[in-house]
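The next block holds one structure in the form of structure tokens; read it before the comments.
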Amino acid sequence: MTDNRPTNSLFDGVDRRAVLLYVLIVAAGWLSITAASYDETAASFFSFSHFYMKQLVWIGAAWVVALFVLLLDVRFYHMFAYPAYIAGIVLLVAALLFGREVNGAKAWFEFGSFRVQPVEFVKIATALAVARRMSDYAFSITRFGDLVRIAVLICIPLGIIVLQNDTGSGIVLGSFLFVLYREGLNKWLCIPILLVVALFIASFLLAPMTLLVVLIFACILFEAAGTGQWRSRTVFLAALFLAAILCSLLSAAVLDHPLRLYHTLLVLSIGAALFGAFHALRHRLAGTLLTAAVFLGSLIFLPTTDYLFEKVLQPHQQQRILSFLGIVNDPTGADFNVNQAKIAIGSGGLAGKGFLQGTQIKYGFVPERHTDFIFCTVGEEWGFAGTLTVLTLLCLLILRLMRMGERQEEPFGRIYCYCVAAILLFHVLVNVGMTIGLVPVMGIPLPFMSYGGSSLIAFTILLFIAIRLDASTRQFSFNKYGN
């Protein structure tokens, strides 16, 4: 039996399940925006002064853009990946120099009542550039120089975004680490990145002396867990034990000077680590050398945490982090949004209060309820069942993108699909996590659901480029194999 489907149709090869998931999520977002911004006292339900009517216009524009993306030849995205990236960098710099400041971030262009946030579109350009670079024939994930080039592609826009005081949006680009891991990045190279995050958090929770002792004994345990050449490893272990023992012996003499005790332990620990590194090089102990390198790197990084916290982060970001870690308690300030969000979601119960019946949302107890905290509207009006449904739709879309990536025959399409999946996953985890207090408030939208034209159109382009690349692969597969 032959299949007479046309192979030149606009929708031939398009993953209809992905499109359906997109439509359902956008529809759920519009209903949530309607519930969050509906005003019973307004003269007309259909007035364009309402956020939900404005969002309806953006939804129509997004669908037009999606059709345009599907019409373009797939070679366009490969050919113009670098030009799009350069244009994105130029827009970021222009926004930094001439843009309008909104909520402390100088990251917007304003044209009358119309605002555009370039960073949303730079995510697309960066994903295309990363996919283009990593799909080059000469690229190797195991070559240090190639990894540096990828890091530069990611860090240039990230640095500019941080300078715009929009750190939350910049951190999204860190999700590309997942893509690098999927393409074969050595898992041991991911450990320093995770260690930096852990040290940054631990530096607020633990005193310097306590943190240093924890690092010493963590190295001891890591070395003790290693296999092979045990006798040589004991030399490094003995050096670290000696540092801890000497610290204990000296503590009685300098008990009234804790800072001196800390400096003594620090010097001894550095000496032990350097000795261990020298011994590891001499006896070719890769594991011990890694332990010593990580330990020394940690000691170098720790003094910079105060600088990063004080100079890079804005006061409101500092308060959010301190509040999240439980160091400060500010129920009317930094904690207010999250506390109100928890109350709204918890009050929804199992089935919710019903459409337009959410009291926390209706009476404005939850700030930014139609943008960053849109998930609260879902929780209060649709309850646990509604939040579970929305999260299921989002997860299915992300899994669909990963499946698209796996069936790509060209590396460019595979890498790009995984970039999109990583960006969406990061947005979902952070946005939902901050509304229920699991992560600090960062102010990034929930994909396809939060109010905003820039966000919706950018996410639509991001998704439909992946759908277009996948459609081309499926068309080629059908024409070649007949299935």
**Asked** Going by average Cβ neighbours within 10 Å, how do the peptides 52-59, 368-375 rank, with the highest at the top?
**Response** 368-375, 52-59
**Item:** Chain lengthening between Ile171 and Ile270 when straightened (0.36 nm per residue, less Cα-Cα)
**Value:** 32.5 nm
**Prompt:** Per the Debye formula with a single identical scatterer at each Cα and no solvent contribution, what log10 I(q)/I(0) holds for the stretch 349-427 at q = 0.16, 0.25 Å⁻¹?
**Reply:** -0.68, -1.05
**Item:** Relative contact order (%) - criterion: Cα under 8 Å, at least six apart; region: the stretch 113-187
**Value:** 30
**Asked** Counting pairs of Cα atoms in the stretch 398-439, how many percent are more than 12 Å apart?
**Response** 58
**Asked** If R0 is 51 Å, what FRET efficiency do you get for Ile86 and Ser44 from their C-beta distance, rounded to 0.05?
**Response** 0.65
**Complete:** A chain fully extended from Ile343 to Glu183 at 0.36 nm per residue, minus the present Cα-Cα distance, gains in nm 53.4 nm
**Request:** Determine, from the Cβ-Cβ distance of Ala293 and Tyr137 and an R0 of 35 Å, the FRET efficiency 1/(1 + (r/R0)^6), rounded to the nearest 0.05.
**Result:** 0.60
**Mean accessible surface per residue for the stretch 82-191, computed with a 1.4 Å probe while every protein chain stays in place, in Å²** = 48
**Asked** For the stretch 328-477, what is the accessible area per residue in Å² when the probe is 1.4 Å?
**Response** 35
**Complete:** Checking the stretch 81-154 for chymotrypsin sites (Phe, Trp or Tyr not before Pro) in a loop per DSSP with at most 11 other beta-carbon atoms within 10 Å yields Tyr137
**Request:** Figure the gain on full extension for Glu409 and Phe309 (residue separation times 0.36 nm, minus the Cα-Cα span) and round it to one decimal in nm.
**Result:** 31.6 nm
**Request:** Calculate, for Val439 and Phe109, the FRET efficiency according to 1/(1 + (r/R0)^6) with r their C-beta to C-beta distance and R0 30 Å; round to the nearest 0.05.
**Result:** 0.55
**Fill in**
For the stretch 393-405, in residue order, the Karplus 3J(HN,Hα) values (coefficients 6.51, -1.76, 1.60; θ = phi - 60°; whole Hz; Gly and Pro = x) are 4, 5, 5, 5, 5, 5, 5, 5, 5, 5, 5, 4, x
**Distance (nanometres) between label positions extended 7 Å along Cα→Cβ at Asp146 and Leu56** = 5.1
**Request:** Sort the following peptides by mean Cβ neighbour count (other Cβ atoms within 10 Å, averaged over residues), highest first: 149-159, 61-71.
**Result:** 149-159, 61-71
**Prompt:** What ³J(HN,Hα) values, in whole Hz, does the Karplus curve 6.51 cos²θ - 1.76 cosθ + 1.60 give for the stretch 99-109 when θ = phi - 60°, with x put for Gly and Pro?
**Reply:** x, 9, 8, 10, 6, x, 10, 8, 9, 10, 9
**Prompt:** Quick one: in the stretch 339-478, what % of C-alpha pairs are over 25 Å apart?
**Reply:** 35
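The values are calculated or read from the model by the stated rules, or taken from the named source; none is laboratory data. Because the structure is a prediction, the values reported are computed rather than measured. Every residue, glycine among them, receives a Cβ derived from its backbone with ideal geometry; neighbour counts consider all protein chains shown. Just so you know, the surface numbers come from the protein's heavy atoms only, side chains and all, with ligands and any DNA or RNA stripped out. Shrake-Rupley method; radii C 1.70, N 1.55, O 1.52, S 1.80 Å.
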